[in-house]
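Okay, structure first, notes after.
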Amino acid sequence: MKNGRFFRSTAGVMAGAVLLLVLPFVAAMGGQAWVRILDFAILYVFLALGLNIVVGFAGLLDLGYIAFYAVGAYTWALLASPHFGLHLPIWVILPIGAGLACIAGVLLGSPTLKLRGDYLAIVTLGFGEIVRIFMNNLNAPINITNGPQGITLIDPVAFGSFKFSGTTEIFGLALTGPQKYYYLLIALCVLVVIINLRLQHSRIGRAWQAIREDEVAAKAVGINTRNLKLLAFAMGASFGGVAGGVFSAMQGFVSPESFSLIESIMVLAMVVLGGMGHIPGVILGAVLLSILPEALRYGVGPIQTALFGRLLVDPESLRMLVFGLALVLVMRFRPAGLWPSPERRRELEEAGQ
Amino acid sequence: MSRVLLEAKGVAKHFGGVKALRDVSLSIRQGEIYGLIGPNGAGKTTFFNCMTGLYVPDGGGFTFDGAPLHADAPHQAARRGIARTFQNIRLFGNMTALENVMIGRHVRTGAGVLGAIFQTAATRAEEAAIRQRAIELLHYVRIEDRAGDLAKNLSYGDQRRLEIARALATEPKLLCLDEPAAGMNATETAELRELIEGIRSDGTTILFIEHDVKLVMGLCDRVAVLDYGALVIEDVPAVVQKDQRVIEAYLGA
Ligand SMILES: Nc1ncnc2c1ncn2[C@@H]1O[C@H](COP(=O)(O)OP(=O)(O)OP(=O)(O)O)[C@@H](O)[C@H]1O
Ligand SMILES: [Mg+2]
């Protein structure tokens, strides 16, 4: 019986792995744009799992998460582009980016951790905007970020002479840039999933859950709530920093525009929509919310012309409309998220009775 | 006479105009069961909260086990060896009974993020020990068959027991119980009494707030009476019971 389950779950994992491996080739049939969409979906999974540590595990509502993504992105952009003429290798930049984001996380965390819920959300929201505005204005008196124009010609990810941009041939297989990034991102995601899972079922993860459940009781049993919340902030921020670095390298271009409030809200929506604190749910949420809008963007126009012979509604505005409607529907009918953890679903069902 | 474990010196606390504690000084000796009684609103819970760092006293302070207790640092009180339960039970409702007790081990264990991520041998051994100890404590308070149930789904009496188990998991020198018998029937109260006596005979000092006078007088080595935030008397039950001020303030009522 138990053996059967084991075999079935191993078979499931194998099937999933094979699917993930061939996916970029399937997507490539629809054009490299689809592979790029896939890349972003996975990057968002990574980002959402980072935020999940803060929101899902420690229960801290963070609306400025994109700021750490920005810190990571700009770190990469400044240390690997003609802007300063620096071209440092990945194992130097990525740790610096993660470290700086981590410091930013602690900087944001330490004065705000006495705040809770809505209040914390407002402060983090403000922080996110401040970072973006900084990036926008740090072009004078000394030009650090190049302001609203952003930084261009950023180096791609490279290990030695192996570059992730452009097409390379491996074992007779032609891999495009986006396809290579896909595999890099999948590897990063597997890593962050493992970290999430192991943290969740550890002494630290339990303490986070205790803080989420009842902070006073958590203090009374000796949990240093301030340090543990800071830890959650710092860890979430570091993952944001790494994601930002890869984003920067993948795009080859960053500007403050990419780090607006709506991005923070998007990532938070992924975590909440999928099922806060439940790793498969968060992954589902991130994939859906990043692919669905793109699918709508590419799908709505042609369908309209096919049906009515002309464009009735601008695809871009329809996209946001459908998106908003989907969010409302999910919150109405599946308030615990699309794929919540069994406990969380029970919680909400009982609360509803 | 055994040595003093906890000493309160001139502890005062007010909330706006309400003087919840006025200059309360008392001392609890190693190994005794110490009762804290008084009418509703006398300041008993406030005393607990000041001692465990949830409130910062407006005057005075505590010495515990030979060194001062820092105000405003609840987690340090637990580390020093003060564990407590709450008058209005505060469990981690959506965690299982076992997990609740495992949380209690947090302060006596040390696995960090890296240990968890790399699943080092030390981390795994510690995790197993945490689980083992938690199971033992559930047995100790006799709710081992509820280990896998969510804390919020336990019966009232079991929740009280679970809260005690969680407190014991922190390896306290002083266990503070805030009205543990509230809402219990006669059988449950008798069982609770047995449990408290057992904990004491294991070497833990106990401070408890209780309204059930019979229970307090029967169980405690010494009793302190609070009234309107002030200490009325601190003595053995036989003396306290006969004290005129106590009878007026509390027992007679
Ligand atoms: N956080 C608070 N803010 C304002 N007033 C408070 C607070 N906590 C306690 N008080 C007041 O302090 C006084 C003492 O309250 P406390 O809870 O310590 O009494 P108690 O002896 O535990 O009573 P009971 O037997 O009802 O539990 C009361 O008048 C109460 O209203
Ligand atoms: Mg009380």
With only helices counted (DSSP H, runs n ≥ 4, each -39500 (n - 2.57)), the per-residue ellipticity at 222 nm for chain A, to the nearest 500, works out to -24000 deg cm²/dmol
Assigned charges on the beta-carbon of Lys, Arg, Asp, Glu; chain A dipole about Cα centre (debye): 820 debye
How large is ³J(HN,Hα), in whole Hz, for each residue of the range B:139-153 in order, when computed from phi with the Karplus curve 6.51 cos²θ - 1.76 cosθ + 1.60 and θ = phi - 60°, using x for Gly and Pro? 4, 4, 8, 6, 10, 4, 6, 9, 3, x, 7, 5, 4, 5, 8
Counting only heavy atoms of the protein chains, get the accessible area per residue of chain A (1.4 Å probe) and round it to a whole Å² value. 47 Å²
Residue by residue through the range A:12-17, what is 3J(HN,Hα) from phi via Karplus (6.51 cos²θ - 1.76 cosθ + 1.60, θ = phi - 60°)? Round to whole Hz and write x for glycine and proline. x, 4, 4, 4, x, 5
Simple Cβ-charge dipole of the protein assembly as shown, Lys/Arg +1 and Asp/Glu -1, about Cα centre, in debye nearest 20: 760 debye
If amide H atoms are modeled at 1.01 Å from N in the peptide plane, then the residues at a separation of 5 or more from residue B:95, or on another chain, having amide H under 5 Å from its own are B:151, B:152
Above 20 Å lies some portion of the pair distances; for the range B:91-170, what is it as a whole percent of all C-alpha pairs? 31 percent
For residue B:233, distant residues with modelled amide H under 5 Å away: B:225
Rg and Dmax [Cα atoms of the protein assembly as shown; Å; Rg one decimal, Dmax integer]: 29.4, 99
If you roll a 1.4 angstrom probe over the protein chains with everything in place, what fraction of the accessible area of the range A:30-260 belongs to carbon and sulfur, to the nearest %? 67 percent
Surrounding charge for residue A:260, neighbours by C-beta under 9 angstrom, Lys/Arg +1, Asp/Glu -1, total -2
Alpha carbon centroid spacing (whole Å) that separates the range B:38-91 from the range B:124-148: 27 Å
Accessible area buried between chains B and A, both sides summed, probe 1.4 Å, in Å² to nearest 100: 2800 Å²
log₁₀ I(q)/I(0) of the range A:30-260 at q = 0.10, 0.14, 0.16, 0.17 Å⁻¹, via Debye over equal Cα point scatterers, no solvent, to two decimals? -0.49, -0.88, -1.09, -1.18
Partner shielding of B:107-114, as the mean number of partner chain Cβ atoms within 10 Å, equals 3
How large is ³J(HN,Hα) for each residue in the range A:257-271, as worked out from phi by the Karplus curve 6.51 cos²θ - 1.76 cosθ + 1.60 (θ = phi - 60°), to whole Hz, x for Gly and Pro? 3, 6, 10, 7, 3, 4, 5, 4, 5, 4, 5, 5, 4, 4, 5
Over all directions, what mean area does the Cα convex hull of the range A:203-331 project, stated in square nanometres? 10.8 nm²
Lysine pairs in chain A with alpha-carbon atoms under 28 Å apart, 8 or more places apart or on different chains: how many are there? 4
Take peptides B:39-52, A:19-32 and line them up by average Cβ neighbours within 10 Å, highest first, as a rough protection proxy. B:39-52, A:19-32
For the peptides B:72-84, A:242-254, B:203-215, what is the packing order when you average, over each peptide's residues, the other Cβ atoms within 10 Å and list the highest mean first? A:242-254, B:72-84, B:203-215
What lysines could a cross-link reach from residue B:19, if we take a straight Cα to Cα line under 19 Å and drop same-chain neighbours fewer than 8 places away? B:9, B:44
The answer for residue B:36, listing residues at least 5 apart or on another chain whose modeled amide H is closer than 5 Å to its amide H, is B:208, B:209, B:210, B:224
Can you give me the orientation-averaged projected area of the convex hull built on the Cα atoms of chain B, in nm²? 14.6 nm²
Take the alpha carbon atoms of the range A:108-127, find their center, do the same for the range B:7-33, and report the distance between the two centers in whole angstrom. 35 Å
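The values are calculated or read from the model by the stated rules, or taken from the named source; none is laboratory data. Not measured: the values here are computed from a predicted model. Ideal geometry is used to build each Cβ from the backbone, glycine not excepted, and the neighbour counts take in all protein chains shown. Each accessible area value is taken on the protein alone, full model and side chains, heavy atoms only, with ligands, DNA and RNA left out. Shrake-Rupley method; radii C 1.70, N 1.55, O 1.52, S 1.80 Å.
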